[in-house]
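Asker: Sharing a structure, written as C-alpha cells. Questions coming.
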Amino acid sequence: MSSGIPAGRPDLSRVALAEALLFEEVEDGALIFDPNSGATTLASGLGLAMIKSLRSLGTLDESALRAAVQGMGEVAENFTDTLVSLEKSQLIFRC
Amino acid sequence: MLTLSSCTSEQLHRALRDGSFRLYLGQLALKVSSDIPEFIAAFRQLYGDHPVALGGGEYDFDIAISAPALWRRWFRRNASFEFSGDTPFLPMEVGHAHALFEWGLNWAIASFLHHCLILHSAVLEWRGKGVLLSAVSGSGKSTLSAELSEQGWRLLSDELALLDSDLKLIPLARPVSLKNTSIDVIRRRHPTAVIGPLALDTHKGTVAHLKVSADAVGSNLVPAIPKLIVFPKWVEGAPLRVEPVGAGQAALRLIDQAFNYSTLGTEGFRRLVALVRMTEAWQIEYSSLDEARDALETLVAEHG
C-alpha cells in the first residue's frame, strides 16, 4: 500500500483503458468512440500517448505509464491533470 | 416523367385531395395531400420541376397539409402538418403552410432515414466534387447555398447531408429556405430567381423559399462524392479568412451538428471517420458572398 492511502482503502494507482473503445488515428490526434456511452473524444499530445501506451502495454502503474509516455517523447509535466481528464471522459479507469 | 408544373390545376387539386398524388424527391417518394389553396399555390410554384405521379403508387412518407380540427378554425385559418396521420407540431396560420411543409419534411427525414448518417449541413457539388457546408443556424449557410446554387453549383440540399453506407452524399434537391434579410439579398443579386411567398412572423422571422434549378432536380438520383467539408460563418464587415481544420476537430464539429450519430452508434462513428479521412476540412469567415464563392471554388480546385 502506498504511504498516502488510508488503511483499509484500496490502492488505485494502476490505470487501465476502458473496454471496447474504438480508436482511429487522424492527422490531429485520435478519435475514440465509446460504444457503451456513445461518446466520441479527440485525444492528442500527452493524452494520446497515454492511451497508446495502455493499448499496447495493458494495465500499468502510474509510474510505469509516466515512464512509457516519456519514452514516447512526451513531456509529462501535466501528467496528473491529463490522467484525471481521461478518467472523467471514462476512457481510462483506475483499478 | 410528369412534372408538377405540367399538371393542370384541376388534376393537381384532385390528386392532392384524393390521396393519389406522389412527389419524387430523389430516392424518396412522398404521398402529399392537401386541401389548402395557399399551400397548393406555393407548392406548385416551388416544386414545378420535380417529378410527380397522379395515380398513386408506393411511397416512403405520408404527409398532409390540411385544416386542423374544427374548433381551431374558429380563431383563424390554420394549417396542420400530418405525418402518417399523426400531428407532431402545433398548427400554424395558412400563410405559413408551405414553410410548415418544409420544416415537417426536414423533421421526417432526420427522424426516419437512419440508413444514412444525417448531418445539419448544406451539400453542393462543383465540378463533380461534393462539398458539405456545415454550420449552426444563423451562420449564413442557406444564403451561401442559395448564392452558389444560383451561380451554377449543383444543390443537393440546403439543410441535410445524407451520407449513405457507400460514403456517398444522397441528393434531396428542394427549395432553399431563406430567412429575413437574406431574402432580399438573393432577390437583389438574382432578379430572375423564383422565390415563393413570404411567411411572415414565424418563429424564425420572415421565411421564403428559393426554387432550385431544374438541373439540380434532374440530378436528384445521382449521388455526390464528398471532397471538402467547409464550416462557413458570415460576419458583417469581416475580411475573408480561410483556415484549415484538422480531421479530428472537423469530426467533433460534425457530431455537434448530427441528427442521428448516437442512433447509429458504432456505424455512425465508422462512417464519420471515413468521411473526415476522405475529405479536407476548412473554415471560412466572410462578409462578401462573391469572396466566399471565389474562395470555395479555389478550395475545390486546389484541395477537393
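The values are calculated or read from the model by the stated rules, or taken from the named source; none is laboratory data. These numbers come from a predicted model, not from an experiment. Don't worry about glycine lacking a Cβ; one is built from the backbone with ideal geometry, like all the others, and counts go over all protein chains shown. Accessible surface areas use protein heavy atoms only, side chains included; no ligands, DNA or RNA. Shrake-Rupley method; radii C 1.70, N 1.55, O 1.52, S 1.80 Å.
Asker: It is to be established whether one or more residues within the range A:27-44 are part of a helix (DSSP H, G or I) and surrounded by fewer than 19 Cβ atoms within 10 Å (Cβ to Cβ).
Answerer: Checked the range A:27-44: no residue is part of a helix (DSSP H, G or I) and surrounded by fewer than 19 Cβ atoms within 10 Å (Cβ to Cβ).
Asker: I've got another one for you. In the list B:THR298, B:THR279, which residue meets the criterion of being open to solvent by 10 Å² or more (accessible area, probe 1.4 Å), hydroxyl-bearing (Ser, Thr, Tyr), touching a helix residue (DSSP H, G or I) at 6+ places or on another chain (Cβ under 9 Å) and more than 11 Å from chain A (Cβ to nearest Cβ)? Explain how you work it out, then say what you get.
Answerer: Working: B:THR298 fails: touching a helix residue (DSSP H, G or I) at 6+ places or on another chain (Cβ under 9 Å).
Sole residue among the options that is open to solvent by 10 Å² or more (accessible area, probe 1.4 Å), hydroxyl-bearing (Ser, Thr, Tyr), touching a helix residue (DSSP H, G or I) at 6+ places or on another chain (Cβ under 9 Å) and more than 11 Å from chain A (Cβ to nearest Cβ): B:THR279.
Asker: Give me the helices (runs of 4 or more DSSP H) completely within the range B:218-302, filtered to those with at least 2 residues that are within 27 Å of A:GLY45 (Cα to Cα) and of a type in the set (D, E, K, R), ordered by residue number.
Answerer: B:247-256, B:266-278
Asker: Continuing with this model, one more query. For B:VAL52, only one of the following conditions fails: (1) out of contact with any strand residue (DSSP E or B) (no Cβ under 7 Å at 6 or more places or on another chain); (2) not in a loop (DSSP other than H, G, I, E, B). What is its number?
Answerer: (1)
Asker: Now for a different question. Within the group B:ALA42, B:ALA97, B:ALA15, which residue is out of contact with any helix residue (DSSP H, G or I) (no Cβ under 6 Å at 6 or more places or on another chain) and of a type in the set (Gly, Ala, Ser)?
Answerer: On the way: B:ALA42 fails: out of contact with any helix residue (DSSP H, G or I) (no Cβ under 6 Å at 6 or more places or on another chain); B:ALA97 fails: out of contact with any helix residue (DSSP H, G or I) (no Cβ under 6 Å at 6 or more places or on another chain).
Going through B:ALA42, B:ALA97, B:ALA15 in turn, just one is out of contact with any helix residue (DSSP H, G or I) (no Cβ under 6 Å at 6 or more places or on another chain) and of a type in the set (Gly, Ala, Ser): B:ALA15.
Asker: Kindly provide the set of residues from the range B:37-66 that are within 15 Å of B:LEU105 (Cβ to Cβ), open to solvent by less than 10 Å² (accessible area, probe 1.4 Å) and without any contact (Cβ under 8 Å) to a residue 40 or more places away in the chain, ordered by number.
Answerer: Within the range B:37-66, just B:ILE65 meets the criteria.
Asker: Among the listed residues B:GLU147, B:GLU93, which satisfies the condition of being free of Cβ contacts under 8 Å to residues at least 40 places away in the same chain and either within 19 Å of B:ALA42 (Cα to Cα) or in the same structural domain as B:ILE255 (by TED's automatic domain parsing) (or both)?
Answerer: Residue meeting the stated conditions: B:GLU93.
Asker: Applying the selection to the range A:85-94, what residues are surrounded by 11 or more Cβ atoms within 10 Å (Cβ to Cβ) and not acidic (Asp, Glu)?
Answerer: Selection gives A:SER85, A:LEU86, A:SER89, A:GLN90, A:LEU91, A:ILE92, A:PHE93, A:ARG94.
Asker: Something else about it: Here are B:VAL176, B:VAL136, B:VAL94: which of them is of a type in the set (A, V, I, L, M, F, W, C) and surrounded by fewer than 18 Cβ atoms within 10 Å (Cβ to Cβ)?
Answerer: None of the others qualify; the one that does is B:VAL136.
Asker: Restricting attention to the range B:239-271, which residues are surrounded by 15 or more Cβ atoms within 10 Å (Cβ to Cβ) and within 21 Å of the chain's Cα centre (by Cα)?
Answerer: B:ARG253, B:LEU254, B:ILE255, B:GLN257, B:ALA258, B:PHE259, B:ASN260, B:TYR261
Asker: Which condition number does B:SER80 fail, the rest of (1) small (Gly, Ala, Ser); (2) assigned by TED's automatic domain parsing to the domain that holds B:GLY218; (3) surrounded by fewer than 24 Cβ atoms within 10 Å (Cβ to Cβ) being met?
Answerer: (2)
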